[in-house]
Amino acid sequence: MLNHANNLQEKLTKYRRDFHMYPELGFQEFRTSAKVAEVLTTLGCHVRSNVGRTGVVGELGQGTPIVAIRADMDALPLQEDNHNAYASLNPGIMHACGHDAHTAMLLGVAELISWENNFQGTVRFLFQPAEEVADIEGFSGAQRMIQDGAMEGGVGIVIGLHVSAHVPVGKIQISAGPASGGVDTFRASILGKGGHGARPHETVDPIYITGHVILALNGIISRKLNPFDAAVVSIGAIHTGQAENIIPSKVDLSGTLRYTQPRVQKQIHAEIKRAFEIAKTLGGDYQLNFEIGTPPMINDRKVVNLISTTARELLGKENVFPLQNGLGAEDFGCFSELVPGAMFYLGSMIEGNEREHHNSRFDINERCLPIGAAILTETALRFLRNGSL
Ligand SMILES: [Zn+2]
Ligand SMILES: [Zn+2]
């Protein structure tokens, strides 16, 4: 399989550079998805466009079981600072997370699968818009695709990958269990009564109250949660005031929370509310809203076994490593919440010249492209040949 995939190196590099030169933001992947649909059609796929707005679903094979493979297609609002032949031609937009590579690799998977006839069932290719952003109603690309039926019809497992600038080419990272954090946002206002800075006793100072609320918010993780529960509460924005001698009437603050278990999510929500109740004790009031974001990505043990066994055979067992835990966001968790699924991190490091994700100098070592395509393809075929996990 790796040999087959290596024959696609040049083609996948071409795809990837093309997507890299014409990056598009979340839910605006018009050119990208048209190109994806065109290639899938050439490969004989059954293709459905405009799934979850700008997403594309392709299928090869027939009936069940179904294995779904996901790639995200969106870029970031960032001006590229690389000056190579394939640097972004769209000002202020850049593939700085590697989703161009994911899209190219999944096209490679479709081609590799199109060469196979020895399998039962269906391989479904999920080309997803907007992994990095949500739309105005708060839904990301994965959620929109699911709403449009992308996971219907009896999907058995879902798999995917993300390139990693910190892992050398030829190696992958994968672990069972939580692999990214669930993400919610809170937006709040502390309400007081404004007045003259020289006469604080005639006001209800919301800045003073906010000081206490901040302490309580920062105590949630350290004083309220079981130390073995991974979670974060971070305040990211505080806005108030116009002048040094005016006590304002309101402080706006917002923040993010991360968790890996629904139980902890519930607990954090309750504790955040409790922290804001301090405003009332101190004579003010508050408004608090939660925006529920994407769920945590939980890698299924059996799917992880399937991927890592496949990867060990393709790459050598010394090249499959456990994942470094983190509470970053990854909306693949929306798919793997529905059926057993797992995502692995594919080494794409440019040795001696590491390029950080979401940075204007981000780039990948394109040698990773056939490797990622081979692991996804072989894992999918093994699942279909076994008929179950
Ligand atoms: Zn990203
Ligand atoms: Zn990403």
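General remarks:
- Among (1) touching a strand residue (DSSP E or B) at 6+ places or on another chain (Cβ under 6 Å); (2) at pLDDT 95 or above; (3) not small (Gly, Ala, Ser), the one test that Gln79 misses: (1)
- Selected residue (criterion: farthest from Val57 (Cα to Cα)) from residues of segment 10-37 that are under 21 Å from the mean Cα position of the chain (by Cα) and either part of a helix (DSSP H, G or I) or basic (Lys, Arg) (or both): His20
- Residues that are away from ligand 2 (no atom under 16 Å from the Cβ) number at least 3 in the following helices (runs of 4 or more DSSP H) confined to segment 283-389: 301-315, 368-386.
- Breaking point among (1) without any contact (Cβ under 8 Å) to a residue 60 or more places away in the chain; (2) away from ligand 2 (no atom under 16 Å from the Cβ), for Ala75: (2)
- Of all residues in segment 38-59, those satisfying the criterion of being of a type outside the set (A, V, I, L, M, F, W, C) and either part of a strand (DSSP E or B) or out of contact with any Asp or Glu (no Cβ under 6 Å at 6 or more places or on another chain) (or both) are Glu38, Thr41, Thr42, Gly44, His46, Arg48, Ser49, Asn50, Arg53, Gly55, Gly58, Glu59.
- Conditions (1) within 16 Å of ligand 1 (Cβ to nearest atom); (2) touching a residue at least 60 places away in the same chain (Cβ under 8 Å); number of the one not met by Asn118: (1)
- Some residue of segment 321-335 being in contact with a Leu (Cβ under 6 Å, 6 or more places away or on another chain) and open to solvent by 40 Å² or more (accessible area, probe 1.4 Å): no
- Count of segment 60-101 residues which are within 30 Å of Asn117 (Cβ to Cβ), part of a loop (DSSP other than H, G, I, E, B) and within 14 Å of ligand 1 (Cβ to nearest atom): 1
- Residue check for Arg31: at pLDDT 95 or above, within 16 Å of ligand 1 (Cβ to nearest atom) and either in contact with a strand residue (DSSP E or B) (Cβ under 8 Å, 6 or more places away or on another chain) or open to solvent by 10 Å² or more (accessible area, probe 1.4 Å) (or both): no
The values are calculated or read from the model by the stated rules, or taken from the named source; none is laboratory data. Not measured: the values here are computed from a predicted model. So basically every Cβ, Gly included, is an ideal-geometry build from the backbone, and we count neighbours across all protein chains shown. For accessibility, only protein heavy atoms count, side chains too; no ligands or nucleic acids. Shrake-Rupley method; radii C 1.70, N 1.55, O 1.52, S 1.80 Å.
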